[in-house]
Every structure is written in structure tokens, then in C-alpha cells.
Amino acid sequence: MIFHLLIFSMLSSFAASQCSVCGDGKKVGLPDAVFTFPGQPSVPCGVLQTAGEAGAFPLEQCLFLPELITACNCTTEVPTVLPTRAPIVPPTEVPIMAAPPLPTSTDIVECSVCG
């Protein structure tokens, strides 16, 4: 934890605006991976991303970082889209039709073939 605070304090000495250390529209894919640069302390990629989002890097440095932090496995950010529920349409009632009237004895015609 002290190491992280030390890195943040070193990085916060630079005046800059927020930047994505992986480049626009990208984020660190392996936050636990460690980025090493000669003459600098090793830093977990997630710490680098957080420092960039906090504005700890000068814009000039932020522009060339994506080429250097290949160990961080930068990936394209895909916005999380929450699933939407399908609309629930109430069932359509089937029209009820009256049954046809039952035939009466006067309606029955005897068959001349059947007898």
C-alpha cells in the first residue's frame, strides 16, 4: 500500500489532465500485470490506469504510453449494455361465438339412399 501511495505522490507532482494510458477508448486488460521501465520502479498496470484517470501524467507522456505498456494488454472498451426486458403484451381474448343451434326433428331430412 505504501508503494502505491509513493507512486501516486510521484506521479501527482506532474500537472496534467486526465488521460487513458492505453489510448482513447481503451483500458488496461490485465490490471495485475506489472509494467517496468528502465530507471523507474515497477508499477501494476491497474495503478497506471488509475493514475492516468486521476490526471497524474502530463499529456505529452500520456500520448506515448500505449506503445510502452504492452504488458498491460490494453483492450477496447465495450460499453456495458444492460439487458432490457421484452415488453409483456397481455393476451388477446378470443372472441366467443355462440354455438350453432342444435337441429330439431323437423330439420332432419331422411336420406333417400340410406333408408
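Here, each number is a calculation from the coordinates, and none is a lab measurement. The structure presented is a predicted model; accordingly, all values stated were derived computationally and were not measured. Please note: Cβ atoms are built from the backbone with ideal geometry, for glycine as well, and neighbour counts cover all protein chains shown.
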**Study point:** the stretch 44-101: GluC sites (Glu not before Pro) falling in loop per DSSP and having at most 16 other Cβ within 10 Å
**Key:** Glu77, Glu93
Revision key, fill the gap. Amide H neighbours of Cys74 at under 5 Å, excluding residues fewer than 5 places away on the same chain, with H built from the backbone geometry, are Gly29
Check your understanding: Which ³J(HN,Hα) values, rounded to whole Hz and listed in residue order, are derived for the stretch 61-67 from phi using the Karplus coefficients 6.51, -1.76 and 1.60 in 6.51 cos²θ - 1.76 cosθ + 1.60 with θ = phi - 60°, glycine and proline given as x?
Key -> 6, 5, 5, 9, 4, x, 6
